[in-house]
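Quick notes on the structure that follows.
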4 protein chains.
Amino acid sequence: MSYAREMLDASPSPVTVDKSVLATVIDALSDCAQACVADIDDDLGEHNVTEMITCIRLCLNCADVCTAAAAVISRPAGYDASVTKPLLEACVAICKTCGDECERHAEMHAHCRVCGEACRRCEQACRELLRAL
Amino acid sequence: MSYAREMLDASPSPVTVDKSVLATVIDALSDCAQACVADIDDDLGEHNVTEMITCIRLCLNCADVCTAAAAVISRPAGYDASVTKPLLEACVAICKTCGDECERHAEMHAHCRVCGEACRRCEQACRELLRAL
Amino acid sequence: MSYAREMLDASPSPVTVDKSVLATVIDALSDCAQACVADIDDDLGEHNVTEMITCIRLCLNCADVCTAAAAVISRPAGYDASVTKPLLEACVAICKTCGDECERHAEMHAHCRVCGEACRRCEQACRELLRAL
Amino acid sequence: MSYAREMLDASPSPVTVDKSVLATVIDALSDCAQACVADIDDDLGEHNVTEMITCIRLCLNCADVCTAAAAVISRPAGYDASVTKPLLEACVAICKTCGDECERHAEMHAHCRVCGEACRRCEQACRELLRAL
């Protein structure tokens with residue numbers, strides 16, 4: 001069980017959204033942010049770095065947006081749909097674009113394959129939370 | 001002139017949005033994030049801390065969302081409206097709510113007055129950029 | 001296997017530190033940052049919030065320092081001991097103090113117990129990486 | 001007057017360090033983080049991007065460490081030298097290395113010149129705060 005799930009189970013906050021959905025999103029956002037940070041580092045070391053520029057740019061934005069969303073979603077007590085919804089929509093958009101670009105390089109670069117999977121999982125988790133809100 | 005403006009002036013990226021609008025938003029987002037972080041620290045030291053809980057919660061989210069947006073907006077080369085727009089909408093929403101709450105405490109706490117001003121200025125700057133995109 | 005470990009295994013960077021040590025630190029830093037963010041949210045909802053102020057202050061710093069360290073450690077290609085070492089020392093110090101404070105509230109608040117465990121695990125992981133560097 | 005200085009002047013915390021020193025550091029850290037984020041975006045758009053890899057790697061770490069330090073220093077109420085000192089030492093180290101690298105490209109790239117200045121100013125401000133602590 002992840003710490004995100006343990007923290008939700010230990011929380012006194014009356015959470016209206018299913019806790020397993022929330023925990024999945026928080027973990028997926030953290031994983032995606034980390035994978036993007038690592039993927040940038042790897043892209044910068046590749047011989048074809050000039051072909052990885054778009055991937056690096058997308059991973060930079062993806063890491064920042066997912067990091068912010070992970071923190072906001074980790075504070076269930078003050079949920080406000082007017083903030084959470086557009087923030088999750090921004091996550092879905094950047095995870096989709098970033099995941100597509102990573103997949104283009106997946107065969108050549110294993111790190112892009114793994115990062116692309118983290119983006120896909122995060123995109124799906126955010127979509128599911130958006131439906132549940 | 002702020003570093004944000006100097007960096008934009010020195011940038012080789014073909015920026016389609018007015019650079020003074022962009023620099024104003026970047027500075028306002030950074031200022032708002034910093035003010036919210038400082039305001040939380042001050043709120044926690046007030047005798048009426050139990051009345052400041054909502055203010056603290058809003059400042060926490062405001063700082064995180066504005067920090068992410070400051071970074072994304074600071075990367076003009078890869079602007080993508082599908083990400084930038086909802087992210088700015090999240091900023092507008094949290095800055096509005098956070099600014100309202102800070103103003104409620106402005107007479108009693110000078111730090112909330114200053115933080116409320118930073119939120120207002122950021123909300124307006126984000127709205128202006130949204131119109132310009 | 002965590003994404004941090006998968007990314008390290010897929011990385012072309014010649015990493016001199018044991019990858020399982022690195023992955024453990026990255027995961028522990030991410031977990032600790034998330035647990036601290038969640039714990040602050042929970043502390044703010046407790047009836048004895050005035051007794052949780054120190055815990056909240058420590059969790060705020062712990063989350064920020066661990067988030068930065070998680071990113072820096074996730075970029076093995078450019079490791080520089082003059083940066084990584086003091087950063088990890090800052091992590092050890094804040095995780096120690098924050099873990100101690102969380103433990104003081106562990107019996108009364110389950111969320112502080114879980115957060116304290118995340119701090120302990122992170123402190124130990126950072127110490128182990130410091131020895132390995 | 002910056003918001004950082006306004007917030008410090010409005011703070012009820014008994015700050016033992018000179019407020020102008022603190023405000024200078026907070027502003028310098030925020031400026032440096034922003035400049036590094038922007039410089040990475042510009043570096044990625046340069047024709048000689050393969051020669052900018054080291055600069056990008058250093059700016060990535062510099063932005064993350066300075067962002068964390070800006071937040072921690074913005075919370076004067078709970079200052080703890082065992083955390084603040086190594087964190088500032090990490091800032092001094094990365095700002096020094098990053099500033100050196102940016103300066104190497106200053107003649108060719110105006111954005112690196114501006115970013116290098118932000119790194120230098122931040123390095124000096126952090127050194128001054130370290131002396132004052």
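The values are calculated or read from the model by the stated rules, or taken from the named source; none is laboratory data. Everything numeric here is computed off the predicted structure, so don't read it as measured data. Ideal geometry is used to build each Cβ from the backbone, glycine not excepted, and the neighbour counts take in all protein chains shown. What goes into the accessible areas is simple: the full protein's heavy atoms, side chains included, and nothing from ligands, DNA or RNA. Shrake-Rupley method; radii C 1.70, N 1.55, O 1.52, S 1.80 Å.
With 23 Å as the cut-off, how large is the P(r) tail for chain C, expressed as percent of Cα-Cα pairs?
Numbers: 2809 of 8778 pairs.
Here the tail beyond 23 Å accounts for 32 percent of pairs.
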Query raised in the report: region C:30-48: which residues show an accessible-area loss of 40 Å² or more, assembly versus chain alone, 1.4 Å probe?
Result: C:Gln34, C:Val37, C:Asp41, C:Asp42, C:Leu44
Query raised in the report: For region B:2-133, what % of the accessible area comes from carbon and sulfur atoms, probe 1.4 Å?
Result: 48
Report summary line: In nm, the gap between the two label points placed 7 Å beyond Cα toward Cβ at A:Leu133 and C:Ser20 is 4.1
Report summary line: Heavy-atom accessible area of B:Leu133, protein chains in place, probe 1.4 angstrom, given in Å² to nearest 10, is 70
Query - Of all chain D residues, the one whose C-beta is nearest the axis that brings D onto B, in angstrom - result: D:Ser30, 3
**Report entry** Neighbour cut-off at most 10 other Cβ (10 Å), DSSP loop, GluC sites (Glu not before Pro), region C:88-133
**Finding:** C:Glu107
Query raised in the report: How many angstrom separate the Cα center of region B:49-91 from the Cα center of region D:65-118?
Result: 23
Query raised in the report: Near B:Lys96, which lysines are there with a Cα under 18 Å away, not counting those fewer than 8 places off in the same chain?
Result: A:Lys85, B:Lys85
Report summary line: Around B:Leu8 (Cβ within 12 Å, Cβ-to-Cβ, excluding B:Leu8; K/R +1, D/E -1) the net charge comes to -4
Requested in this report: Mind grabbing the accessible area of C:Thr67 for me, 1.4 Å probe, Å², rounded to tens?
Outcome: 60
**Report entry** Label distances, nm, D:Asp18 versus same residue in remaining copies, Cβ-directed 7 Å point
**Finding:** 4.0, 4.8, 5.9
Query raised in the report: Just by accessible area at a 1.4 angstrom probe, what is the order of B:Met52, C:Met1 from largest to smallest?
Result: C:Met1, B:Met52
Query raised in the report: Shortest first and in nm to one decimal, what separations exist between A:His47 and its copies in the other chains, measuring from label points 7 Å along the Cα-to-beta-carbon line?
Result: 2.5, 6.8, 7.2
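Pull out a ≥ b ≥ c, the square roots of the eigenvalues of the alpha-carbon gyration tensor of region D:57-128, then state rounded if a/c is under 1.5, prolate if not and a/b is larger than b/c, and oblate in the remaining case.
Details: a/c = 2.59, a/b = 2.57, b/c = 1.01.
Here region D:57-128 falls in the prolate category.
Can you give the direction-averaged projected area of the convex hull of the alpha-carbon atoms in region D:1-72, in nm²? Spell out each step's value before the answer.
Working: hull surface 21.8 nm².
Result: a mean projected hull area of 5.4 nm².
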Query raised in the report: Which one of A:Ala23, A:Pro12, A:Leu60 has its Cα pushed farthest toward the positive end of the charge dipole of region A:1-101, where Lys and Arg give +1 and Asp and Glu give -1 at the Cβ?
Result: A:Pro12
Report task. Write down the accessible area per residue of the protein assembly as shown in Å², having rolled a 1.4 Å probe over the full set of protein chains. Result -> 35
Query raised in the report: Over the heavy atoms of C:Leu130, what accessible area does a 1.4 Å probe trace out, to the nearest 10 Å²?
Result: 40
Report task. Estimate for me the total accessible surface buried between chains B and D (protein heavy atoms, probe 1.4 Å, no ligands or nucleic acids), in Å² to the nearest 100. Result -> 2600
**Report entry** Spacing of the two label points (7 Å from each Cα toward its C-beta) at D:Thr54 and C:Ile53, in nm
**Finding:** 4.9
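Let a ≥ b ≥ c be the square roots of the eigenvalues of the Cα gyration tensor of the protein assembly as shown; is it rounded (a/c under 1.5), or, if not, prolate (a/b larger than b/c) or oblate?
Rounded, because the longest to shortest axis ratio a/c is under 1.5.
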Query raised in the report: Under a point-charge model restricted to the Cβ atoms of Lys and Arg (+1) and Asp and Glu (-1), what is the dipole moment magnitude of the protein assembly as shown relative to its Cα centre, in debye to the nearest 20?
Result: 0
Report task. Can you list the distances in nanometres, one decimal and ascending, from the A:Ser82 label point to the identical position in each other copy, with the point 7 Å along Cα to Cβ? Result -> 2.7, 4.4, 4.9
Query raised in the report: Top to bottom by accessible area (1.4 Å), largest first, where do A:Arg121, D:Arg75, B:Arg57, A:Arg131 land?
Result: A:Arg131, A:Arg121, B:Arg57, D:Arg75
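Suppose R0 equals 51 Å; then what is the FRET efficiency for C:Ala81 and B:Glu103 from their Cβ-Cβ distance, rounded to the nearest 0.05?
On the way: r = 48 Å, r/R0 = 0.93.
It comes to 0.60.
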